Each structure stands twice: as C-alpha cells, then as structure tokens.
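The values are calculated or read from the model by the stated rules, or taken from the named source; none is laboratory data. Given the structure is predicted, the values throughout are model-derived calculations rather than measurements. Every residue, glycine among them, receives a Cβ derived from its backbone with ideal geometry; neighbour counts consider all protein chains shown. Quick note on the areas: whole protein, heavy atoms, side chains included, nothing else; ligands and nucleic acids left out. Shrake-Rupley method; radii C 1.70, N 1.55, O 1.52, S 1.80 Å.
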Amino acid sequence: MFKSLYLVILFPLDDHYMPVAGAAKQKIIAPGGNNRRALGDIGNLVNVRGVVGEEGKPLPNRPVTRSFVAQLLSKAQTADAAPGANIRRPLGDIGNNKKQIDGAQAKRAGVPKAVQKKVTVKPIPEVIDISPDTEEIKKEKPKSHHRSSKKKVHTLTSVLSARSKAACGITDRPKEAIIDIDGADANNHLAAVEYVEDLYKFYKLTEHSSMVHDYMDMQNQINGHMRMILVDWLIEVHNKFELTAETLYLTIHIVDRYLSMNLVARRELQLVGISAMLIASKYEEIWAPEVNDFVCISDKAYTREQILVMEKSILGKLGWTLTVPTPYHFLIRFVKAAVADKETENMTFFLAELGLMQYTMIKYCPSMLAASAVYAAHCTLKKAPLWNETLKLHTGFSEAQLIDCAKELVSFHSAAPEHKLRVVYRKYSSSERGVVALLPPANNLLA
C-alpha cells in the first residue's frame, strides 16, 4: 500500500485538455514486472487496465486522448468477444469497487471460468406506438421536461417604447366589448328586435333628405327669436295636453318644413304652430285633442275654420309626408345604447328640448342632435366613460364629431336659468323630471 496524493494533470485531448487524477507518488516497477495500468477516467465504464498491443507488447506511453480511449475500448470488447479470451468486467460505480475483480486478478486467484460472468450490453428498448387510425409505427422520442429558465427582462428599449406609446396616447389595452342592447328584448314583439337595426339604417339614410335648410332669410316678417317664442309656447301647450314626446318633435319639424316652403305673416305664425300640432296629434296620439281645444288654448285668437284651412295648406305643401325621422327617434335608441339611468335620460331630453328652441340648431341632422344630447348629458353628470364603442357603433359618430354641437347645448343649459323663455327650464326643474335643470352645466366642456 502507498499513500496517494491527488493533483490535476493536463493531458492533451485532440484540441482540448482533459484533467486526469493521478498518483503523485507511486512505486517504481522494474521492466518486465507487473504490467503498468493506464490511467483511466473514474467515470469510464470499461476497464482499460493491462491492455497490450497486437504482439503482446505493452502499448507505448502516449497521451490519453478521446480517440485513443475509444480505440482501447473497441480492442477490449473485441478481445472479450473472442473465444477463450479473458473475461473482463467493466468498472462499475465507485461504491461497488470492492466487489469487482478484473479478469487478470480472477485468473491469478484461480477463480473458475464458470464463475466469471460475461458482460453483455443490453440495448435500450424502443417504445413503439401503433396509431389506431393510420396503423403507422412511430418511435416515441423521449420528451424533454426541461422548462426554460429564462425570465422576462425589461430592457431599456422596451421601457422607452412603452413610455413613448403612453405619451402619444397609444396603449395596448384590450378592445372594449360592445354591449348587445337588444338582447333583453328578444321576447318582446313590440321591440321588433329582428328589424330594429334595419329601421335605423333607413332612418340614417333618409334623415338628410327630410332636413330643413336655412329658410329665415326668405321670411320677411318673422325671425329666429319669433320662432323661439312659438316653440316655447308649443312646448307649454304640449305639456298641458299631456301629449307624447313624438308629437312634440313632429310638431316642430312640421313647422320648420312649412316655413321653409311658404312665406308666413307674423300674425299667422301662431296659427301655423296650432295646425302643426293638430296634424302631429292625429298622426301620433291615440286620443288627439279636438280643434276646439286648440281654439281655447290660443285664447280664441283663431277660429275653427282658420285652423282647418291652415291644416289643409300645410298638408298640401308637405305632400302628406309625415313619416320622417325626428330627433326623438334617435334619442330613444341612443339612450338605450348608453344604458342610461333615469337621471341621464332626463338630462338628455332636457338638453334636446333646449336645442329644439334654437333656430341655429337646424344645421345639425336629427341623429347628431340626439347623439350630442347624450354626450352633453354624460359631461354634465360626469359619467365615465363619456363615450364608448357601443355608442359609437349605434350613433355612427365619434366623440370628436359631437364636440361642437354638445358645446352649444351646454351653453343653452348655462343660459337657461336667466333666460326670459323658461318653459323647458321649469319643466325639467320639477321632481317628476328629476330636477335635472337645476344641476350645474358642464362648463368645463365650454372651456
């Protein structure tokens, strides 16, 4: 026995170096003595000790390279396979070294050949998978269960890109979902869910053909302020008779259409308003007011015959065309698209009626006036979001397209408390309308 002191020795392995643990101190063996054993890697499973050349001479001392080790292994396996050759066991695990005896020691110790077991290399079984559909034989490859250990790293470039997108208003937020506003009315036959989309497409196409152009320049006896006085009075009459909202919006539309086609004297302006409401009531109401009711409400300023003659004149000028999309048709649809509560609904109709009184608002199509009233109501009540994808889909307008009209509606709300014509303001200051007229206007929109 001798003491072993281990150190690392570098031997050239082809183009690389491989550390081999060897003995620093060993006994000097004379030539012709015991064969020298080649230093082997601890992890090698094949015994390379005592390997001699083809003529029985020990191999020359040379660096233990990978190719040299492979050559030794192949010769050792060939020698083991030859008949009568010495049976050598490969080096086992380090923990089993005490139980392993190489071929040379077993021969010297007199161990019979029957005890010496021949080591055979068992092939790795291949798993064959037969598919029931194609009956093709496929070799199953071992699956790798190693997961990537790479972690997502926020680089400086990604951080700067994210900040630039945020500064420009470009974000990677998911697209907002569009609400199905007609889903709850699927079983309501009066809602006409199957046709409602087609109806409003038709309204959008025809609203421009029924729009009223600027007519006040052709009227030599009336002006915009007189029209405002007439509309203010008609809203009060409508409220007294408790008529539907459809009747009010159709009445104002008939008045504007007739004034755009015919010259009207100042003393007949109220007569036009009475006759227009009579026509709208017959068209929209179940129980329309009688002609005598309008005679009384006008303090007998006009007779029954005068009202009937004006009614006939208006219908003749309009060609009996009364089925037109008014702002009310779009208001009820857009309020539904906004999923508005009662307060938002009252505020929307309050702003829309303020817009009806103003002659300057005829430049906007009915759908834009209705959409702007919804948007201005959201701004007044500070609803979030002010505009969403559902409203954009059903109204056909973006937020930027409604700003100008919404600003005018907010300005009318701001001036309503001090205005001389305050019928609409008083109407929506009642508890029945949620006192929405008393709420402060959205002055931030005007700024």
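Give region 225-240 a look and list any residue that's in contact (Cβ under 8 Å) with a residue 40 or more places away in the chain and open to solvent by 60 Å² or more (accessible area, probe 1.4 Å), or say none.
229, 236, 239, 240
Given the criteria closer than 22 Å to residue 246 by Cα and hydroxyl-bearing (Ser, Thr, Tyr), does residue 367 qualify?
yes
Kindly list, by first and then second residue, each pair from a residue in region 411-440 that is of a type in the set (Phe, Trp, Tyr) to a residue that is part of a loop (DSSP other than H, G, I, E, B) and open to solvent by 50 Å² or more (accessible area, probe 1.4 Å), limited to pairs with Cβ atoms under 8 Å and residues at least 6 apart or on different chains.
Matching pairs, first to second residue: 425/419; 428/435.
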